[in-house]
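Some notes on the structure that comes next.
The values are calculated or read from the model by the stated rules, or taken from the named source; none is laboratory data. Quick caveat, the model's predicted, so the values are computed rather than measured. FYI the Cβ positions are ideal-geometry reconstructions off the backbone, even for glycines, and counts take in every protein chain you see. Heads up: the accessible areas ignore ligands, DNA and RNA and are worked out on the full protein's heavy atoms, side chains in. Shrake-Rupley method; radii C 1.70, N 1.55, O 1.52, S 1.80 Å.
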Amino acid sequence: RRLELDAGETVCRYPGCPEGRGFDELGPCGVLLGEVERGRQDWKFVPTAGRLYQILEIDVTGKTPAAALEAALPPETGRDLYRVIFTGEGAPDLEDLAERFRGRCWSLDLRDRTRVPRDIWERAGEDSLRGLFLARLRERFDAAGGEEERARVTLADRFGLAALERREL
């Protein structure tokens with residue numbers, strides 16, 4: 001974490017750690033080079049870290065985890081350390097993914113925070129607010145004029161159920 005502080009005529013600058021040591025020190029790390037004269041200061045951040053720590057959160061709902069990971073990883077990752085947190089609905093096979101992406105990054109730490117996929121209409125017949133909500137959306141889904149409209153109704157279902165279940169999406 002960088003710190004900039006001026007106390008009277010005293011100038012204090014701290015660039016943070018020159019080399020990240022864990023996933024609590026993300027992104028570019030380096031040093032500050034500067035020139036200081038009375039009434040003037042000129043600072044430049046110079047990256048020095050050989051490797052960067054990065055955390056990616058990837059929603060795998062409706063996607064294969066491998067394709068979602070491939071799309072999320074930047075092209076140049078060979079030097080860096082990545083922690084990937086899978087979210088949404090899905091069931092990623094972390095061992096298979098670790099094997100498939102071995103060598104793509106200096107280090108790849110995979111974590112699964114997904115929910116088990118479920119049929120979105122399974123509770124549409126319940127005698128409850130949730131059941132009425134789902135039954136109404138199912139009618140709109142069935143009457144939808146195309147894939148774009150069906151995708152919008154499905155998204156409304158996901159957001160509505162998350163709100164009814166008091167959970168984040």
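Taking into account only those residues within region 9-24 that are under 19 Å from residue 36 (Cα atoms) and charged (D, E, K, R), which is surrounded by the fewest Cβ atoms within 10 Å (Cβ to Cβ)? Let's see the steps before the verdict.
Step one: list which residues in region 9-24 are under 19 Å from residue 36 (Cα atoms), which gives 9-15.
Filter once more, so that each one left must be charged (D, E, K, R): 9, 13.
Details: 9: 7, 13: 15.
My answer is 9.
For (1) within 30 Å of residue 80 (Cβ to Cβ); (2) of a type in the set (A, V, I, L, M); (3) exposed (fewer than 13 other Cβ atoms within 10 Å of the Cβ); (4) touching a residue at least 60 places away in the same chain (Cβ under 8 Å), each residue gets a yes or a no:
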{"residue": "122", "(1), (2), (3), (4)": "no, no, yes, no"}
{"residue": "125", "(1), (2), (3), (4)": "no, no, yes, no"}
{"residue": "153", "(1), (2), (3), (4)": "no, yes, no, no"}
{"residue": "157", "(1), (2), (3), (4)": "no, no, no, no"}
{"residue": "166", "(1), (2), (3), (4)": "no, no, yes, no"}
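If you take the residues of region 127-137 that are of a type in the set (D, E, K, R) and open to solvent by 90 Å² or more (accessible area, probe 1.4 Å), which of them is farthest from residue 90 (Cα to Cα)?
Here is the first cut: in region 127-137, the residues of a type in the set (D, E, K, R) are 127, 130, 136.
Pick out the ones that are also open to solvent by 90 Å² or more (accessible area, probe 1.4 Å) and you get 127, 136.
Values: 127: 28, 136: 25 Å.
The qualifying residue farthest from residue 90 (Cα to Cα) is 127.
Would you pick out the residues in region 5-53 that are out of contact with any Cys (no Cβ under 8 Å at 6 or more places or on another chain), among the charged types (D, E, K, R) and not in a strand (DSSP E or B)?
9, 21, 24, 38, 51 - these are the residues of region 5-53 that are out of contact with any Cys (no Cβ under 8 Å at 6 or more places or on another chain), among the charged types (D, E, K, R) and not in a strand (DSSP E or B).
Can you confirm whether residue 130 is in contact (Cβ under 8 Å) with a residue 40 or more places away in the chain and either assigned to a helix (DSSP H, G or I) or in contact with a strand residue (DSSP E or B) (Cβ under 9 Å, 6 or more places away or on another chain) (or both)?
Details: in contact (Cβ under 8 Å) with a residue 40 or more places away in the chain: no; either assigned to a helix (DSSP H, G or I) or in contact with a strand residue (DSSP E or B) (Cβ under 9 Å, 6 or more places away or on another chain) (or both): yes.
In short, no.
So residue 76 passes all but one of these: (1) modelled with pLDDT of 85 or more; (2) over 25 Å from residue 162 (Cα atoms); (3) loosely packed, with under 15 Cβ neighbours inside 10 Å; (4) not aromatic (Phe, Trp, Tyr). Which condition number does it fail?
Checking residue 76 against (1) modelled with pLDDT of 85 or more; (2) over 25 Å from residue 162 (Cα atoms); (3) loosely packed, with under 15 Cβ neighbours inside 10 Å; (4) not aromatic (Phe, Trp, Tyr), the one that fails is (1).
Hey, any hits in region 45-61 for a residue that's more than 27 Å from residue 28 (Cα to Cα) and modelled with pLDDT under 90?
Of all residues in region 45-61, those more than 27 Å from residue 28 (Cα to Cα) come to 60-61.
Okay, now just the ones that are also modelled with pLDDT under 90, so 61.
Yes, some residue in region 45-61 is more than 27 Å from residue 28 (Cα to Cα) and modelled with pLDDT under 90.
State which residue is surrounded by the most Cβ atoms within 10 Å (Cβ to Cβ) when the search covers only region 80-99 and only residues that are touching a helix residue (DSSP H, G or I) at 6+ places or on another chain (Cβ under 7 Å) and among the hydrophobic types (A, V, I, L, M, F, W, C). Please lay out each step first, then the result.
Pass one, region 80-99, residues touching a helix residue (DSSP H, G or I) at 6+ places or on another chain (Cβ under 7 Å): 84, 86, 90, 92, 97.
Still in the list and also among the hydrophobic types (A, V, I, L, M, F, W, C): 84, 86, 97.
Numbers: 84: 25, 86: 22, 97: 19.
Across region 80-99, the extreme among qualifying residues is 84.
Does residue 89 fit the bill of being closer than 18 Å to residue 72 by Cα, out of contact with any Cys (no Cβ under 9 Å at 6 or more places or on another chain) and modelled with pLDDT under 85?
Details: closer than 18 Å to residue 72 by Cα: yes; out of contact with any Cys (no Cβ under 9 Å at 6 or more places or on another chain): yes; modelled with pLDDT under 85: yes.
Yes; evaluated as a whole, the condition is true for this residue.
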